[in-house]
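Asks: Before I ask anything, let me first share the structure, which is written out below as structure tokens.
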Amino acid sequence: MAAEGGEAETQQKEETKRHTYPLVRTSDMNDELKTECMELCVTACEKFSQNNESAARMIKETMDKKFGPTWQCIVGEGFGYHIEHEVKSLLYMFFGGTTAIIVWKCA
């Protein structure tokens, strides 16, 4: 009986492990822009960990100020996307396990 309890605890710990580093899934940005965008996404998601809408707004507004207008951003879980974007302006990443972030620039 004690062995079963130990196995259940181990399984529960494995299920709750999440990566806390940014995991880039797709990007065609140059390295400098990608690094800056990733850092911004991490900062926004840490600051607004319970409010994805505020995190997306912060990312969009900061990207608009730094790199010109028409940046778009989605932060959330369990969504699909099909977009058209400017060349060298797409970043799709995960942060904190299941939170996905996509940032792109429209023409």
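Asks: Which one of these does Val103 not meet: (1) more than 22 Å from Ser49 (Cβ to Cβ); (2) of a type outside the set (Gly, Ala, Ser); (3) touching a residue at least 60 places away in the same chain (Cβ under 8 Å)?
Replies: Of everything listed in (1) more than 22 Å from Ser49 (Cβ to Cβ); (2) of a type outside the set (Gly, Ala, Ser); (3) touching a residue at least 60 places away in the same chain (Cβ under 8 Å), Val103 misses just condition (1).
Asks: Pairs please, first residue from region 54-79 and of a type in the set (Ser, Thr, Tyr), second anywhere and surrounded by 15 or more Cβ atoms within 10 Å (Cβ to Cβ) and not in a helix (DSSP H, G or I), Cβ atoms under 6 Å, 6+ apart in sequence or on different chains.
Replies: Ser54/Phe48; Thr70/Lys105
Any read-out appearing in this document is the output of simple, stated calculations on the displayed coordinates, not a laboratory observation. None of these values were measured; they are calculated from a predicted model. Ideal geometry is used to build each Cβ from the backbone, glycine not excepted, and the neighbour counts take in all protein chains shown.
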